[in-house]
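Handing you a structure now.
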Amino acid sequence: MIRFLFLLSVLIPASLSGQKSYQVQGRMEATCSMDTMRLFFLDGISLRQIARTPVQQDTLGRYFAMSFAFIPPGFYFLGSGEPTQTRQVILGTDSLVFLQGNCESFAQATIYRSPSNAAYSQALQATDQLQNQANQLNRQYQAIKSSTEDPMGVKQQLRQLDQQKLALLDSVEKVHPLLRKAIALRTYLVSPEIQEQYPSEVAFFAQSYFSQVDFSDSAYHTMPLLNEAFYSYGMTLGSVSLPFETILGYTNEYLKQLPKPGPTHKMAVLGLTSGFRDRNDDAFVYFANLYLNTYGPSDNPEFAAQLRKEVTDKQALLIGSLAPDLSLPTPEGDTISISDFRGEIVLLDFWASWCRPCRMENPRVVSMYKKYNDQGFTIIGLSLDRGKDAWVKAIAEDQLPWHHASDLLFWNSIASRTYKVSSIPYTVLLDREGKIVAKGLRGAALEAKVAELLKSQPQGN
């Protein structure tokens, strides 16, 4: 809170200094019921009030005015504190900021006479457009990057987009340096030369997403866009099947740059918590607990209580937890349960006959099964198929010699609902006690984990 205490100490009413350096004024309709206009800054998820003034009446309607000899340049909120009645606004950069709107929907108030707020609004729209273009081009680039052919000039178009993004940063910096710092959170460069420095598309995204941001800058302490940026970052990482350890490695590279505890760290952790919610339970619980243990219920008791309940609800599928048991029909009409295989290293392999990536992965899984089966390793294939014929045919075609089970209910399968599977192929690895050891592993990473587990828990012990 040191930074915020400092902020309060320099937020000087102009009436005390004899000058009017910074003013924020606004008008609302005569019937407006708001009697006090409040000024807030964002502290993680909470709005902290730092000033207020009466809303007054004249012949033109309701109005308010605040004047400060100095206010630190930054992002603030004006209104009642209720979401629909509170407007984000940049203050401390322009001598006058004027707002006009309906007090019941003040969040949508129009801002006038402020070059900084106008430039920021335009830059947000521009970054959305540039990133949409980059996403489309990057899909094309991923398809051709291993080829020497580039018939549509995709690589050059990606380079040009990066130049436009950097030019946008330069242009908003001329309005005010604060704007560059904010828009840097949305500036994700995609030139082929940059991407080729990383072993995979996911690694490129994870390790270069904040390449234009200097997290040591105190301007980020109360910047709402920082929370949004970490939310987007977590949401994207949570949407791909990554081991929890990999996610933690990527995110900690950024979090270790943020003073802990501190406002920037708090907003980043809360952004990640929201981003991973319903996308990766292990990551969600980790970051939720990081917030709760670092900042505690005293920061926002109601939110903390709700978050703690969510954490409790998700404990069942965390690494180290006993895997939820399931009993499902086999192709032969029998029933098998996950708990039937205690004492073995078990891979729960979520797949389907219609899933092309699953079918492409199957030969490698067959090879791994044959290599380790006699050491006490087995697989239960949990299919998300809808019809028995297609399921049985795929098992035969791909020569999958392990156990199979399915209720043939597609995404409504009790297996996918219990284990919260949102995409396939997906794997859950269990140790000999039936505890979850790893989730979402594939390929070499999966085989390495199986080998490691068999070594640490040899058969017969």
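The values are calculated or read from the model by the stated rules, or taken from the named source; none is laboratory data. Because the structure is predicted, anything quoted here is derived from the model rather than measured. Cβ sites come from the backbone with ideal geometry, for glycine too, and all protein chains shown count toward neighbours.
If you check Tyr188, Tyr198, which single one turns out to be crowded, with 18+ Cβ neighbours inside 10 Å and aromatic (Phe, Trp, Tyr)?
Values: Tyr198 fails: crowded, with 18+ Cβ neighbours inside 10 Å.
That would be Tyr188, the only listed residue that is crowded, with 18+ Cβ neighbours inside 10 Å and aromatic (Phe, Trp, Tyr).
With the condition kept exactly as written, say whether any residue in the range 397-418 is over 34 Å from the mean Cα position of the chain (by Cα) and in contact (Cβ under 8 Å) with a residue 60 or more places away in the chain. Reasoning before the result, please.
Filtering the range 397-418 down to residues over 34 Å from the mean Cα position of the chain (by Cα) leaves 397-404.
If we keep only those that are in contact (Cβ under 8 Å) with a residue 60 or more places away in the chain too, we end up with 403-404.
Yes, that holds for at least one residue.
Let's see how each residue does on (1) in the same structural domain as Gly249 (by TED's automatic domain parsing); (2) loosely packed, with under 14 Cβ neighbours inside 10 Å; (3) assigned to a loop (DSSP other than H, G, I, E, B):
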position: Asp150; (1), (2), (3): no, no, yes
position: Gln163; (1), (2), (3): yes, yes, no
position: Glu173; (1), (2), (3): yes, no, no
position: Glu193; (1), (2), (3): yes, yes, no
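Take Leu307 and tell me if it is surrounded by 13 or more Cβ atoms within 10 Å (Cβ to Cβ) and either more than 31 Å from the chain's Cα centre (by Cα) or assigned to a strand (DSSP E or B) (or both).
On the way: surrounded by 13 or more Cβ atoms within 10 Å (Cβ to Cβ): yes; either more than 31 Å from the chain's Cα centre (by Cα) or assigned to a strand (DSSP E or B) (or both): no.
No, not satisfied.
With the structure loaded, tell me whether Ser121 is closer than 23 Å to Arg27 by Cβ, exposed (fewer than 15 other Cβ atoms within 10 Å of the Cβ) and not aliphatic (A, V, I, L, M) or whether it fails that test. I'd like the intermediate steps shown before the answer.
Working: closer than 23 Å to Arg27 by Cβ: yes; exposed (fewer than 15 other Cβ atoms within 10 Å of the Cβ): yes; not aliphatic (A, V, I, L, M): yes.
When the stated conditions are applied, Ser121 passes them.
Tell me which of these Ile338 doesn't satisfy, since it passes every other one: (1) modelled with pLDDT under 95; (2) surrounded by 14 or more Cβ atoms within 10 Å (Cβ to Cβ).
Status for Ile338: all satisfied but (1).
Which residues, counting only those in the range 429-446, are outside any loop (DSSP other than H, G, I, E, B) and of a type in the set (A, V, I, L, M, F, W, C)?
Leu429, Leu430, Ile436, Val437, Ala438, Ala444, Ala445, Leu446
Inspect all residues belonging to the range 332-339 and state whether any of them is touching a Pro at 6+ places or on another chain (Cβ under 9 Å) and among the polar types (S, T, N, Q).
The first filter runs over the range 332-339 and keeps only residues touching a Pro at 6+ places or on another chain (Cβ under 9 Å), leaving 335-336, 338.
Within this subset, residues satisfying the condition of being among the polar types (S, T, N, Q) are 335.
So far as the range 332-339 goes, yes, one or more of its residues are touching a Pro at 6+ places or on another chain (Cβ under 9 Å) and among the polar types (S, T, N, Q).
Checking the structure you have, find out if any residue of the range 377-385 is at pLDDT 95 or above, outside any strand (DSSP E or B) and either closer than 28 Å to Glu332 by Cα or out of contact with any helix residue (DSSP H, G or I) (no Cβ under 8 Å at 6 or more places or on another chain) (or both).
In the first step, residues of the range 377-385 are kept if they are at pLDDT 95 or above; the result is 377-385.
Next, from what is left, pick out any that are outside any strand (DSSP E or B): 384-385.
In the following step, the residues that additionally are either closer than 28 Å to Glu332 by Cα or out of contact with any helix residue (DSSP H, G or I) (no Cβ under 8 Å at 6 or more places or on another chain) (or both) were identified as 384-385.
Yes, that holds for at least one residue.
For the range 18-86, list the strands (runs of 3 or more DSSP E) that sit wholly inside it and hold at least 1 residues that are modelled with pLDDT under 90 and closer than 30 Å to Lys181 by Cβ; which are they?
Values: elements: 22-28, 36-43, 46-54, 56-58, 61-70, 74-79.
By residue number, 36-43, 46-54, 61-70.
Before we move on, is Leu307 without any contact (Cβ under 8 Å) to a residue 60 or more places away in the chain and aliphatic (A, V, I, L, M)?
Values: without any contact (Cβ under 8 Å) to a residue 60 or more places away in the chain: yes; aliphatic (A, V, I, L, M): yes.
So Leu307 passes the test.
A further question on this structure: If I go through the range 248-282 residue by residue, how many of them are buried (at least 23 other Cβ atoms within 10 Å of the Cβ), out of contact with any strand residue (DSSP E or B) (no Cβ under 9 Å at 6 or more places or on another chain) and either more than 19 Å from Val213 (Cβ to Cβ) or in the same structural domain as Val421 (by TED's automatic domain parsing) (or both)?
2
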